[in-house]
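Below is one structure; the comments refer to it alone.
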Amino acid sequence: MRTLLRFFFYLLYHPFAFAYDLVAAVVSVGRWKDWVLSVVPYVRGHRVLEIGHGPGHLQRVLLSRNLVAVGIDESAPMGRLAQRNLKRFLQVDSSNPHTSNPQAGYTRIRLTRGIAQHLPFQSESFDSIIATFPSEYFTDPLTLAEVKRCLSTGGRFIVLPVATFLGRGFLDRLMGSLFRVTGQHPVDPLEIFSERLKRPFIQADFQVKIENIEVKSSTVLIVIATKQSRGTSC
């Protein structure tokens, strides 16, 4: 089953990247973008990297806040899709007559292709690094080492690994069952709070806390891993 799912996600991220938003909206019952954007209040600082930027929805919000937003994704088709989406957004925003000084403070679109285990950025380049619905790579020691290297002291690695349906209606219960099949829904939400999830971050010398917030009749789990100053322990 996991092999089939990996193949499915490969198709979705590569040759069928154009269908990503539609599939995400269906499997989340229209909540996907809200889930992704739920990480925004946890962003700190001005320089932000998104690992696995996908279609660029989070990049759009970061740009709208005049942040220095950078995105990296392994998928070339997803990169092209995000470029188109962001250019369309900036064009629409700059043509809005009610916007004072259109595009003031907007950084240029900064998207690149690469993987989390080998980030092509200088040390301490970012104040926050974000990954939403990543695969297993986010707990890879190589990923955590690279994230730590690229973060400024006190910077945050913000990870949204999973969302769960609260099951208030038949459709929510049905989609919750489907999420469990795909591995995107934990068997027990308390499992997310266990040391099993925190351990890789602690071993990488991050200070870790996990929060769960309610988003449209669902619970989103967010890991906030903070880079400590030298000599500071958990």
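Numbers at a glance
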{"read-out": "Residue ID - nearest to F206 (Cα to Cα), chosen from residues in the stretch 137-167 that are touching a strand residue (DSSP E or B) at 6+ places or on another chain (Cβ under 7 Å) and not in a strand (DSSP E or B)", "value": "K148"}
{"read-out": "Filter pass, T132 being polar (S, T, N, Q), crowded, with 20+ Cβ neighbours inside 10 Å and at pLDDT 90 or above", "value": "yes"}
{"read-out": "Number of the exception - H14 against (1) at pLDDT below 75; (2) farther than 20 Å from T219 by Cα", "value": "(1)"}
{"read-out": "Subset of the stretch 204-221 [buried (at least 18 other Cβ atoms within 10 Å of the Cβ) and assigned to a loop (DSSP other than H, G, I, E, B)]", "value": "A204"}
{"read-out": "Criterion violated by A69 - all others in (1) at pLDDT 90 or above; (2) surrounded by fewer than 16 Cβ atoms within 10 Å (Cβ to Cβ); (3) not basic (K, R) satisfied", "value": "(2)"}
{"read-out": "Top-ranked residue of the stretch 135-178 - restricted to ones that are at pLDDT 90 or above and β-branched (V, I, T), ranked as nearest to R196 (Cα to Cα)", "value": "T139"}
{"read-out": "Residue count for the stretch 62-84, restricted to those that are of a type outside the set (A, V, I, L, M, F, W, C), part of a helix (DSSP H, G or I) and within 22 Å of S135 (Cβ to Cβ)", "value": "3"}
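The values are calculated or read from the model by the stated rules, or taken from the named source; none is laboratory data. The model shown is predicted, which means the values in this text are computed figures rather than measured ones. We place every Cβ from the backbone using ideal geometry, glycine too, and count neighbours over all the protein chains shown.
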